[in-house]
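Structure record follows, encoded as structure tokens.
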Amino acid sequence: MKKLQFILALLLVGGSLFAQRKTTTSATVSFDATTSLDALPKAENKTVIGAIDTKTGSIQFEANVRNFTFKNPTMQDHFNGERWMHSEQHPKFTFKGNIVDLSTVDFSKDGTYKTEAEGILTVKGKESKLRVPGTVVVKNGAVSLSSEFTINLSDFGITGVPIDAGKVSKKPKITVSADFK
């Protein structure tokens, strides 16, 4: 009987710990590098892996570079090529960070919470520290997260004639949305 009680206690503790970490395999990350000269530099990736720990505020995302899709296939080829993302050598983008003031978010109560996250974005093997605004929505125990911010392409060694010519924005808008389970 004591053995059964011990096993049940372990399962309950393990289950409650696991419930603090919520994950997704279908977060969406998009970027918009359009300019007045070119409306095509837009892409979206709907297969981003993400995790949030509701106890610590830790947030992580990982995106496969090749999963960003463009309306123009030629642009997608250029994006993945050696002169831009070099996706063979750098197959993933990652973000690892934390909610800045976790006390502003009550994961046990339905609501919309404005917050910020701070962490490291890694693109093409180059890291950049970011502090970005975000919105956390809690509804019936489910957690959603969204954010919109810009990055400097030069921080990640992304340069080239299209950027210099004004056909690709030097500071594209990044949009992230995730529904965690």
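May I ask you to verify whether Lys171 is on the phi < 0 side of the Ramachandran plot and in contact (Cβ under 8 Å) with a residue 40 or more places away in the chain? No: the conditions fail for Lys171.
To keep it simple, each residue is scored yes or no on (1) buried (at least 17 other Cβ atoms within 10 Å of the Cβ); (2) touching a Phe, Trp or Tyr at 6+ places or on another chain (Cβ under 7 Å).
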| position | (1), (2) |
| --- | --- |
| Thr69 | no, no |
| Met75 | yes, no |
| Gly81 | no, no |
| Met85 | yes, yes |
| Glu88 | no, no |
| Gly97 | yes, no |
| Ser103 | no, no |
| Thr115 | yes, no |
| Leu121 | yes, yes |
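So that you can scan it fast, the table gives a plain yes or no per residue for (1) polar (S, T, N, Q); (2) under 26 Å from Asp38 (Cα atoms):
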| site | (1), (2) |
| --- | --- |
| Gly141 | no, no |
| Asp155 | no, yes |
| Ala165 | no, yes |
| Thr175 | yes, yes |
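Among the residues of the stretch 135-164, count how many are more than 20 Å from Ser26 (Cα to Cα), free of Cβ contacts under 8 Å to residues at least 40 places away in the same chain and among the small types (Gly, Ala, Ser). Here the count works out to 2.
Here is a check on your reading of the model: is Asp101 of a type outside the set (S, T, N, Q) and over 19 Å from Asn45 (Cβ atoms)? For Asp101, the condition - of a type outside the set (S, T, N, Q) and over 19 Å from Asn45 (Cβ atoms) - is met. Exactly one residue out of Ser26, Ser30 is surrounded by 16 or more Cβ atoms within 10 Å (Cβ to Cβ) and at pLDDT 95 or above: that is Ser30. If you go through the stretch 29-64 and keep only what is polar (S, T, N, Q) and under 17 Å from the mean Cα position of the chain (by Cα), you end up with Ser30, Asn45, Thr47, Thr54, Ser58, Gln60, Asn64. Condition first: more than 30 Å from Asp155 (Cα to Cα) and either among the hydrophobic types (A, V, I, L, M, F, W, C) or at pLDDT below 95 (or both). Now tell me which residues in the stretch 109-139 satisfy that. Selection gives Val137, Val138. Among the residues of the stretch 34-63, those identified as hydrophobic (A, V, I, L, M, F, W, C) and either touching a strand residue (DSSP E or B) at 6+ places or on another chain (Cβ under 9 Å) or under 15 Å from Phe95 (Cβ atoms) (or both) are Ala43, Val48, Ile49, Ala51, Ile52, Ile59, Phe61, Ala63.
Residues being under 18 Å from the mean Cα position of the chain (by Cα), farther than 19 Å from Glu118 by Cβ and either surrounded by fewer than 13 Cβ atoms within 10 Å (Cβ to Cβ) or among the hydroxyl-bearing types (Ser, Thr, Tyr) (or both): count how many of those fall in the stretch 143-170.
In the first step, residues of the stretch 143-170 are kept if they are under 18 Å from the mean Cα position of the chain (by Cα); the result is 143-153, 155-156.
Now narrow it down to the ones that are farther than 19 Å from Glu118 by Cβ: 144, 153.
Of the ones still in play, those that are also either surrounded by fewer than 13 Cβ atoms within 10 Å (Cβ to Cβ) or among the hydroxyl-bearing types (Ser, Thr, Tyr) (or both) are 144.
Of the residues in the stretch 143-170, 1 are under 18 Å from the mean Cα position of the chain (by Cα), farther than 19 Å from Glu118 by Cβ and either surrounded by fewer than 13 Cβ atoms within 10 Å (Cβ to Cβ) or among the hydroxyl-bearing types (Ser, Thr, Tyr) (or both).
The values are calculated or read from the model by the stated rules, or taken from the named source; none is laboratory data. Computed from a predicted model, the values in this text were never measured in an experiment. All Cβ positions, even for glycine, are placed from backbone atoms using ideal geometry, and neighbour counts span all protein chains on display.
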